[in-house]
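Every number in this text was worked out from the coordinates using simple rules, so none of it is lab data. Computed from a prediction, not measured in an experiment: that's the story for all the values here. No Cβ is skipped: glycine too gets one built from the backbone with ideal geometry, and neighbour counts run over all protein chains shown.
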Number of protein chains: 2
Amino acid sequence: MMGAVAKPTIGIIGTGAIGGFYGVMLARAGFDVHFLLRSEFCAVAENGLQVNSAPHGSLTLNPVQAYSNAQDMPPCDWLLVGAKTTSNADLAPAILRAAAPNAKVLLLQNGLDVEDSLRELLPDSLHLLGGLCYICVHREGPGVVTHQALGAVHVGYHSGPADESTRTAIVEEGVGLFRSAGIDSQAMANLHQARWQKLVWNIPYNGLSVLLGASTTPLMADADSGEMVKALMAEVVQGAIACGHDVPPGYAEHLFMMTEKMPAYWPSMYHDFLHKRPLELQAIYARPLAAAKAAGCEMPRVEALYRSLRFIDRRNA
Amino acid sequence: MMGAVAKPTIGIIGTGAIGGFYGVMLARAGFDVHFLLRSEFCAVAENGLQVNSAPHGSLTLNPVQAYSNAQDMPPCDWLLVGAKTTSNADLAPAILRAAAPNAKVLLLQNGLDVEDSLRELLPDSLHLLGGLCYICVHREGPGVVTHQALGAVHVGYHSGPADESTRTAIVEEGVGLFRSAGIDSQAMANLHQARWQKLVWNIPYNGLSVLLGASTTPLMADADSGEMVKALMAEVVQGAIACGHDVPPGYAEHLFMMTEKMPAYWPSMYHDFLHKRPLELQAIYARPLAAAKAAGCEMPRVEALYRSLRFIDRRNA
């Protein structure tokens, strides 16, 4: 007799805005979700997780299966990593402890090659995937997340023991998790390409929000910052193409128009700046610049923005 | 019997840091100097002008021949304009009232084509000249100027009734005024070229001081901002060459090394930003960008800096 397929056990590593939002959505859809927390453990263990979502309303998860130590977590089939790329290598011990055999580790992070520093610290038996989150979300306070708009996750396979057809099945399983929680999701055949495409948004908006102290609304309303966004996007598209990737025609224009319709949004890099956390400059700027340069493509405006941000980041430390 | 050549009467239009410093130096050298003031008239009429100069010591001029209205000034042979380029057209009435017949009007200002908006408002009988000031000076308070270092003035003829040889004589006369006040000065055969050369300094440092909130010292100490300065300088040199001008080999490197030896200096644009005055973006960025573009030369980093500054300037208004 065939039983129903058991729902996978899901672990959230880094319960900030991204981990908190997707974790709560999955838990509310009936998944067995376990949250690893550090500074916010006590607040969440006591008060639960709260997502104030413009599209979904006020969502509360209480009690929360919260952990301050990965050793206490059950073996997880899926681990969703919402921590900053700046700490990826440091997460390996927690991931190793929380991972079931053959677990799938999905990095919900922006930037290029964010999997690499983690990959070399994981056993070959673990699958590593990347997820690009098209979402306006930020952490409002301990255990409280504000979700302003959007939410889609694009999932691609990075590396691991799977053969080609198993990779496809694993990515589809990940996509299925999100979809069954009411979240738009799609499979990306080429993760590296998907990361480049996401950079077309992150490179202009993340950096300019810090450099000019502005959310998306004034950046889009002002003719000069709008032109700068377009010029930066065009450079990233050229960089992606130089690195051998496809960017659909009109892709940058589509992102630009999507952003015009968004609520006033402060990208994650601005929040990092505000709270004096290190900016994710390696993943979002340095690696794309180096990859494009190696492919013979200069991105002078991106480089100027990167250098400005490095200066700001050092002073902010 | 030949008398001694009479010393020219000098008028200072706009007694800020530049007008105040050069006016005081000329007055102390025995010239008959008359200062037109607006908001600072009462303070200067009462307390005089004070220049706290690192190289020259504490210099006081008291009493000052100070005026709140150009109609009260005597006819001046030389008019030194130290006001902001953003107000040039508005200065024409005051210049007309204070100018002796065939007076020489010397704009001590940075940027390209700053004479044009004023030229069309002046009669053909007036000589118009430009002066580039290589100096670290700022206004400390009403009638008080701090002079940190340097001081040279490069003088060139812009337009007026003089033929070629008379132009040379007039420029030499201007150079002579400064030199007899102990100020390094030299004649520039090509004013437009001299203005481009000065922009190799002003474009990077003025803008980056505002964008990154930093004086020359941290900008030079940080590897990224240092590289950005070099890249911006290289673009301006290419723009100047595209517009048909000479830039001596090693010129940008010379300015870079000169700045490394300078005290921590906040360029004038930073002071304008701090006091919510309009930034001199037309003269220092928009016109050079347009001129280079018309000559087929893109300056992408300069343009990105300009667009950032426009955004900042609008928000600062």
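A few remarks follow.
- Condition check for residue B:246 on (1) charged (D, E, K, R); (2) assigned to a loop (DSSP other than H, G, I, E, B); (3) free of Cβ contacts under 8 Å to residues at least 24 places away in the same chain; (4) away from chain A (no Cβ under 14 Å): one failure, at (3).
- Scanning region A:293-317 for residues that are without any contact (Cβ under 8 Å) to a residue 60 or more places away in the chain and within 9 Å of chain B (Cβ to nearest Cβ) turns up A:303, A:304, A:307, A:310, A:311, A:314, A:315.
- The number of residues in region A:276-292 being away from chain B (no Cβ under 13 Å) and assigned to a helix (DSSP H, G or I) comes to 8.
- Within region A:35-44, the set of residues being surrounded by fewer than 23 Cβ atoms within 10 Å (Cβ to Cβ) and either touching a residue at least 60 places away in the same chain (Cβ under 8 Å) or under 17 Å from residue A:177 (Cα atoms) (or both) comprises A:39, A:40, A:43.
Conditions tested, residue by residue: (1) among the hydrophobic types (A, V, I, L, M, F, W, C); (2) under 26 Å from residue B:295 (Cβ atoms).
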site	(1), (2)
B:202	no, yes
B:209	no, no
B:224	no, no
B:232	yes, yes
B:248	no, yes
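- Verdict on residue B:252 being away from chain A (no Cβ under 14 Å), surrounded by 18 or more Cβ atoms within 10 Å (Cβ to Cβ) and over 19 Å from residue A:226 (Cα atoms): yes
- At least 3 residues being β-branched (Val, Ile, Thr) is the threshold, and among the helices (runs of 4 or more DSSP H) wholly inside region B:146-232 those reaching it are B:164-180, B:191-212.
- Qualifying residue in region B:164-182 (condition: among the charged types (D, E, K, R) and within 22 Å of residue B:282 (Cβ to Cβ)): no
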